[in-house]
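Report on one structure; see the data block that follows.
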Amino acid sequence: MAGSLLALPQDVSLERIVAVARERGYTAHGEMFSAASMARLAEEVFGCQVELLAGGLGEPNQSRVLRHLISGRPLLVPYDEDFNHEPCKKSGHKAHWAVGAGVLLGVPSPALSPDYEEDTELKGLFYPASGKPPPPLPDPPEAIYLLCKQGKSWHYQLWDYQQLCESNLQLAQLAPSRTTDGRVYVVPPGGVLAGLCGQALLLQP
């Protein structure tokens, strides 16, 4: 999903991604409990640049994440997935990866710069002006939602930024069901807490 947002010269199949991850020892069954391994995998299979963020999605990282998304580049973020695919807090027992593809900011109208253009059909909805560098962030946004997608869902959803931030920050444990299912998973030193908690990836060509 992230690769499709990078305008790659050719598509990289899911089979190829999983094969490389297995060859490198990043995964055994498709699991990915290390953000650092996910970053190396993305760099290898997509030929892209990846910035690994630590310390969560709040400030000082929040401004970088929002600017990254406004510029049209994908975010990869681990979180706990609820029954409806939205973020929840299950201590890492429902840990999954999601791709962020965009951002919706709620701002007072006087806060917008002329670098934003209003949608022709939906009044009050503004986009960065085409053909120009990404405009500055409205300061401060009164509401922040990310346009995200999880691999088991057909559709993008709008997720509250703070909920995703909180979900990402509490990833701490491997699900008990995984420890008793008879399979061996690739878990980094320090476990899920060290591998995923408070981490996210910014991908760019």
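Read-outs: derived from the displayed coordinates by stated rules, not from any lab. Keep in mind that what you see is a predicted model, and the values were worked out from it rather than measured. So basically every Cβ, Gly included, is an ideal-geometry build from the backbone, and we count neighbours across all protein chains shown.
Points worth noting:
- In the range 71-205, Cα pairs under 8 Å separated by at least six residues give a relative contact order of 32 percent.
- The ranking of S71, S130 by Cβ neighbour count inside 10 Å, starting from the fewest, reads S130, S71.
- Here's the list of lysines a cross-link from K152 could span, going by alpha-carbon distance under 30 Å and ignoring same-chain residues fewer than 8 apart: K89, K90, K94.
- Inter-part distance where the range 34-67 and the range 101-134 are each reduced to a Cα centre, Å: 25 Å
- Residues Y161, Y116, sorted so that the one with the fewest Cβ neighbours within 10 Å comes first: Y116, Y161
- Estimated at 0.36 nm per residue, the fully extended path between L104 and Y127 surpasses their Cα-Cα distance by 7.3 nm.
- Cα convex hull of the chain - mean projected area over all directions, nm²: 12.3 nm²
- For T27, T120, order by how many other beta-carbon atoms lie within 10 Å, fewest first: T120, T27
- Neighbourhood charge, 13 Å Cβ-Cβ cut-off, centred on I17 and excluding it, Lys, Arg +1 and Asp, Glu -1: -1
- Cross-link partners for K123 among the lysines, with Cα-Cα distance under 23 Å and sequence neighbours closer than 8 places in the same chain left out: K132.
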